[in-house]
1. So which of ASP77, ASP57, ASP65 is closer than 18 Å to VAL14 by Cβ and of a type outside the set (Val, Ile, Thr)?
2. Show the residue pairs that are 6+ apart or on different chains and have beta-carbon atoms under 9 Å apart, the first residue being within segment 50-74 and farther than 28 Å from LEU20 by Cβ and modelled with pLDDT of 75 or more, the second being exposed (fewer than 12 other Cβ atoms within 10 Å of the Cβ) and among the aliphatic types (A, V, I, L, M).
3. Look through segment 84-102, keep the residues that are more than 18 Å from LEU8 (Cα to Cα) and within 21 Å of the chain's Cα centre (by Cα), and return whichever of them is surrounded by the most Cβ atoms within 10 Å (Cβ to Cβ).
Amino acid sequence: MCGEGERLVPNPYVTALERLKSRAETAVADTPNMDGPAEAIGDGPAWTGSAARDVHDDYLAPHADPVRSALNRLVEDIENRKSAFEPLVTEGLAEVLRIELEMW
């Protein structure tokens, strides 16, 4: 699809998705494991008593697995989406794609 004399350049969509993937990987790594706080209920100054147990049972435990699963799938979803785009596009198309990305 490259016309004569048209130079190929990196696809801005792929570049944007690579940046998003990097940010997602950082978010996954920086997100504390929910098992630690949930399992810490018991002895200690912060997580003691029936109120702490109620917070664990009503809020932490039911949401720990869905949150963990969503975070683990995030990077994979971005990588799958990135593979749908051509890595190189013409300079003209790249300019159009950059403008489109700025409008989001």
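1. It is ASP77.
2. As it stands, the answer is ALA52/ALA46, since those pairs meet every condition given.
3. Step by step, filter segment 84-102, then rank; the result is LEU101.
The values are calculated or read from the model by the stated rules, or taken from the named source; none is laboratory data. Just so it is clear, the model here is predicted, and its values are computed rather than measured. So basically every Cβ, Gly included, is an ideal-geometry build from the backbone, and we count neighbours across all protein chains shown.
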